[in-house]
Structures are given as structure tokens and as C-alpha cells.
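The values are calculated or read from the model by the stated rules, or taken from the named source; none is laboratory data. In this text, all values refer to a predicted model and were calculated from it rather than measured experimentally. All Cβ positions, glycine included, derive from the backbone under ideal geometry; neighbour counts span all protein chains shown. We work out accessible area using only protein heavy atoms, side chains counted, and drop any ligands, DNA or RNA first. Shrake-Rupley method; radii C 1.70, N 1.55, O 1.52, S 1.80 Å.
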Amino acid sequence: MTGGGAADAERLDRAFLARVIEPGDELGGRWLREFGAREVVLRLSGGGRPLPDASEKRWAGLCARAGHAEPEGDLARAREAGVRFLVPGDAEWPGQLDDLGDGRPVGLWVRGKANVRMWALRSVAVVGARACTEYGAHMAAALGSGLAERGWVVVSGGAYGVDGAAHRGVLGVGGATVAVLACGVDRPYPRGHVQLIRRIAEQGLVVGELPPGDHPTPSRFILRNRVIAALTRGTVVVEAAYRSGALVTARAAQRLGRFTMGVPGPATSALSAGVHELLRGEAVLVSDAAEVVELVGDMGELAPDRRGPVLPRDLLEPGARQVLAALPGRGTEAVEEVARGAGTTVDDAVGRLYELRSLGYVERHGDGWKLTRQAMISVSPDRRRS
């Protein structure tokens, strides 16, 4: 059950506090920093003098919780479920979580064999709407598989919609993925994802702040998102309405100095409105895994240049392209007019026209020249004269 580094007494105290202090409680985190876990536990369990800045009502509530805490039992249940409890000071503790300051987790419950600290060093969060569209699910799965194939760990929340699609995209290519839950890692939520989360635990990692058996609440979902943001080098949002929890993750990433990215959607889609708002700010637009890696990866991990299809006319010499563009979209044109339009001499225009005829772009009709059907397709409409 130990992660190496932290004393068993410290682990036991923090298991106690994980049952008493809510995730993200910065006042509780300040107590831990200023007084240490042992003193905080003694004060709470012994009904001693309240710790600084705790109201009478709040202190009473914490002490009531402390009266029902059984850290030995929690650690035993975790052990039986194949879960380990990491605390700051363990060799496996992911140092990125320390960026949360007093809001960092008291400890981390982990299912899975991989090393959390090592995986977090090269990880990206992919989050988004639960009620996503087919487009959102497709993009999340493509990002998940693409990042995994490039050796990146994909972190998400195990929820319906974008989260589940991202996890499945990774699992489908045998990659590494982490689900951060807002409940005990021994009781997966949502219930419809029990099999998915089991697969993640077998192939990757399932982590959370809450002790075994604890249930999710709306506030715990929101606070869970800060852990997703802190663990990773950047967060990609795929579909999110204005009030989406995925935006909470993105804003937490921005506060922590992590990269924030968004996948654009239709301008008329309410599910993409939150993403577009991010993109109007500091977030970076991305459309695939290569662009994500270019941003969060090491120097030299560049996305390929984006180009449209190469058309036959693109292979012409510049002079030939100018002559081709000088011909009207309909009817014939005299050589003199073609030369004037192309900005060249009549002799050069004649030579270019015969070259273009050999390639199937133009035809000669008496003293005039006209475009063939092939050329009508190849020449851009905005450069064609009527």
C-alpha cells in the first residue's frame, strides 16, 4: 500500500483526512501546510481547539465527520480492491499536483499498475460535453487514438460523451489513458461506464481523491476537473456549452500555466459555443493530434504543413499559368488580347498557347483561342473572365 517515501503514520493520517476534508478545500490544505497532518488529525479527532479561520459551524461539521473516519478500514478496503493510496513524498506522487497549492489533493487513490508520476509527465487532457454530437464523439476518439499512437497519455473524466469517446479511442489502439473520478475509484460512476472504467484500470489508470465507497456530488465533479488540468501538460476541449464543466477544466489549466486548446465546431452549435469563446481568448485552435503535440510536445514535434490538393494547373510554369488565366471563360480570344492580358509579348503568348494545347488546356479556332473543358475545371472561377 505504500508508494515509497512517506511514512506509514503520515499515510494513515492523510487517509483519515481524505474522509474528512472535501477535495479542493484550501483552508484544510493550509492547515496541512502550517500544522502538519498529525496535528490536524489530533485536533479534529480529539475535539481540541479549532484550527485558525474555522467557523464554529464548520468545525463542528468536520469533527462530526472525523468521528466516523476509519482510515485503517479504508486502506484495507483499498488493498482488497487493488487500490493504492499515494501521498506527497511518495516516489510515485505526481509533482504537477503541487501546482494547486493549498488546493492540492490530500492524497490520491489509484487503480492500475502504471506509474502515475511517469505517465503524467507526458499527458494531455481531452474533455468536453456529456451530451455530445456524433461529430464531437468522432473528434474525441480521433484525438485519443492519435495522441496514444504518438506516445502520449490521454487523461479524462470517465464520463459519458466526449470523455468516454476519448478513452475508447485510446483503448482501441492499445494506448495509455487515465480516468480521474469524482468518487471512490472502487465504485465507478457513471454506472453505464462500469465496463469501460474496468478496462481503463486494466490497461491504464483510474485515480481519484475520495476514499473507497465515497459517492459523487455536483461540487465534486467540478473540483475533480482541477486535478485533470494539473496532471497534464495541456487541455483540449471538444464541444462545450457556455456552462460546461469542461470549461472549468480549461480555465483551471490556464490559471496553472498549462496549454489550453479547443476543437472548433459549427458556428450555430450551442454545444460549441463555449469552445469558441475559449478560442476568442487564449486557447489555441487544434484539429487533430499532430497539432496538439506540436503545442505541448518537445521542440521539433511539428504538425505537417496543411495544403489543399495539387491541381494540374499548379504544375504549369508561371508564364503558362498567366497565359491560361488571360483566356476568357467563354468564347475565343485573339492572340494579341491574350498577350496583353498575360503581360507578355505576342510571340511568347503564341509559344505558351501551343504548349497549353499540347497539354489539353486550350484549342485553336481560326485566329482565336479558347479554353477546353479540362481547363474550365482547372482554372479558378475568381480568375476567369466572362
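Points worth noting:
- Those residues of the stretch 169-192 which are within 9 Å of Gly158 (Cα to Cα), in contact with a Phe, Trp or Tyr (Cβ under 9 Å, 6 or more places away or on another chain) and surrounded by fewer than 22 Cβ atoms within 10 Å (Cβ to Cβ), in sequence order: Pro190
- Against the list (1) over 22 Å from Leu121 (Cα atoms); (2) crowded, with 18+ Cβ neighbours inside 10 Å, the condition Gln195 fails is (2).
- Residue within the stretch 354-365 that is within 20 Å of Leu315 (Cα to Cα), part of a helix (DSSP H, G or I), charged (D, E, K, R) and open to solvent by less than 60 Å² (accessible area, probe 1.4 Å) present: no
- Single unsatisfied condition, Thr235 versus (1) outside any helix (DSSP H, G or I); (2) of a type in the set (Ser, Thr, Tyr); (3) open to solvent by 40 Å² or more (accessible area, probe 1.4 Å): (3)
- So Thr260, is it out of contact with any Asp or Glu (no Cβ under 7 Å at 6 or more places or on another chain), open to solvent by less than 40 Å² (accessible area, probe 1.4 Å) and not in a helix (DSSP H, G or I): no
- Set Ala9, Ala15: member being surrounded by 20 or more Cβ atoms within 10 Å (Cβ to Cβ) and closer than 11 Å to Pro71 by Cβ: Ala15
- Filter pass, Ala241 being of a type in the set (A, V, I, L, M, F, W, C), at pLDDT below 95 and out of contact with any Phe, Trp or Tyr (no Cβ under 9 Å at 6 or more places or on another chain): yes
- From the list Arg220, Arg255, Arg251, the lone residue that is within 14 Å of the chain's Cα centre (by Cα) and among the basic types (Lys, Arg) is Arg251.
- Scanning the stretch 48-70 for residues that are open to solvent by 20 Å² or more (accessible area, probe 1.4 Å), outside any loop (DSSP other than H, G, I, E, B), in contact with a helix residue (DSSP H, G or I) (Cβ under 8 Å, 6 or more places away or on another chain) and of a type outside the set (Lys, Arg) yields a single hit, Cys63.
- Of the criteria (1) of a type outside the set (Phe, Trp, Tyr); (2) open to solvent by 60 Å² or more (accessible area, probe 1.4 Å); (3) outside any helix (DSSP H, G or I); (4) under 29 Å from Thr177 (Cα atoms), which one Met118 fails: (3)
- Which numbered condition Ala91 misses (of (1) surrounded by 13 or more Cβ atoms within 10 Å (Cβ to Cβ); (2) of a type in the set (A, V, I, L, M, F, W, C); (3) assigned to a loop (DSSP other than H, G, I, E, B)): (1)
- Contact map, the stretch 47-67: residues that are modelled with pLDDT of 90 or more paired with residues that are open to solvent by 60 Å² or more (accessible area, probe 1.4 Å), Cβ distance under 6 Å, separation 6+ or inter-chain. Pairs shown: Trp59/Pro50; Ala66/Ser45.
- Within the option set Gly103, Gly128, Gly73, Gly107, being surrounded by fewer than 23 Cβ atoms within 10 Å (Cβ to Cβ) and either closer than 21 Å to Gly158 by Cβ or touching a residue at least 40 places away in the same chain (Cβ under 8 Å) (or both) holds for one residue only, Gly103.
- Condition met for Arg111 (closer than 21 Å to Val87 by Cα and modelled with pLDDT of 95 or more): yes
- So Ala201, is it part of a loop (DSSP other than H, G, I, E, B) and out of contact with any helix residue (DSSP H, G or I) (no Cβ under 7 Å at 6 or more places or on another chain): no
- Residue check for Glu34: within 37 Å of the chain's Cα centre (by Cα), exposed (fewer than 15 other Cβ atoms within 10 Å of the Cβ) and of a type in the set (Asp, Glu): yes
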